[in-house]
Amino acid sequence: MNPLKEQPNGSISQLTDKIRTYNAFMCDIPPNFPVRDDYLRGLSQADFCAAFISLQKIVMDMYAYIEQHPEAVGLAKVSKTGMKTVQYSQNIAGVKKLLYAIGFLGAFVNGALVAPMRNLMNFYMLTFADYGINPKTSLSSYYKEFDDEKQRNFFEKKHMQLLFDCFEKFGFVVTLDDKVTIRYPQNPHVLHVLNAFASLRVCRNRFRFEFAKFNHRVFAYDRDERMALHDLYSYVLLSNEKQQLFSTLHNVLNVDFSEYASCSNDVSVGCQYNYKNHLRIDQTPEGDLHLYLVFAKVRCLIKTAEYIERLPEVYRRRINIFSCDACRIKDGKCIANRQFGTTENGKQSILCVTRHYWQFPFTMEAIPYIVEAYHLGN
């Protein structure tokens, strides 16, 4: 994806709805929560927790202000009509991603967070484009991707000066030259928690839901430690019944997430969980859960066919088996890397072993069949 490519635009009312949803689903932070000593760096736990709560309030207030004044961070003009529209990417994502970039790259110098402008722009552009930067990978491998001209064009096109100006309306003091220097005189501890929060690798390899929603539970984990299911904020948002269902499947599978991904940084769109890229669970804004088995390989054709025959009718109807009239067979095997399977009416067809999905209803009764199918496809 080209980060300079125009992002989706929309009406002011659509922006208002998205910002209200963002703030409404923000994590409730208790006055005190567990924080590992290596994040405190000399702060007391009380000071750390208070500063984290303050940082969340600053961001929520900033979004509330943008809701009323979208021009504060830039509007786009439709070339055909001349009408002003809102850039969702700038208004919704820009604040969080710029904070993340500053916190991740910034080093403390005389109480301020300082980051080289070139490095920050490169990182922000990559995060903006949703390339999926892995925090365990050296950023030096990305620096050459955007030259100075592309960075200048991006800075102007995405109204980044307005974004920094907006930061200053809420107490930050920003200096821009060959470095980005940011202070928060009202409470310097705010920058401390921002730096600690953005450095956490438990948020996984992209700009994650946990950061966007200020999930305080991340501070109980080591930087490289995988978060437990019950501490993921999207899981916390589920009803008790859905939590029990999810936990049961998680424990029976006895495998961990290979990745916890968010399709969006906004719960109004939904979230996604992946188990080793073979089982995917989509969580809708309403808290509904939809489960898909992703088959890129079928190890044993006979066992797969037997399994499908044993499935209750209600589950069998949900399995998508793809036929292939043009398949070439040699010695009983498809040379196009496909295998034989059976349809629900018992007829033989081709079960393609390229990526496709089996969808199951996510119920307690379906869990044994889900688990068997998961292990069958791995």
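Within segment 218-257, the set of residues being of a type in the set (Val, Ile, Thr), under 19 Å from PHE360 (Cβ atoms) and either buried (at least 19 other Cβ atoms within 10 Å of the Cβ) or modelled with pLDDT under 90 (or both) comprises VAL252, VAL255.
Scanning segment 97-109 turns up at least one residue that is surrounded by fewer than 18 Cβ atoms within 10 Å (Cβ to Cβ) and either in a helix (DSSP H, G or I) or touching a residue at least 24 places away in the same chain (Cβ under 8 Å) (or both).
In segment 144-197, how many residues are assigned to a strand (DSSP E or B) and not charged (D, E, K, R)?
The total comes to 7.
Looking only at residues of segment 268-283 that are of a type in the set (Ser, Thr, Tyr) and under 14 Å from the mean Cα position of the chain (by Cα), we find that the one that is modelled with the lowest pLDDT is SER268. Take ALA76 and tell me if it is touching a residue at least 24 places away in the same chain (Cβ under 8 Å), of a type outside the set (Val, Ile, Thr) and assigned to a helix (DSSP H, G or I). Answer is no for this residue. The set of residues in segment 101-155 that are at pLDDT 85 or above and of a type in the set (Val, Ile, Thr) comprises ILE102, VAL109, VAL114. Taking the criterion of being hydrophobic (A, V, I, L, M, F, W, C) and part of a helix (DSSP H, G or I), the residues of segment 17-58 that qualify are ILE19, ALA24, LEU40, ALA46, PHE48, CYS49, ALA50, ALA51, PHE52, ILE53, LEU55, ILE58.
The values are calculated or read from the model by the stated rules, or taken from the named source; none is laboratory data. It should be emphasised that the depicted structure is a prediction, and the values quoted were computed from it without experimental measurement. So basically every Cβ, Gly included, is an ideal-geometry build from the backbone, and we count neighbours across all protein chains shown.
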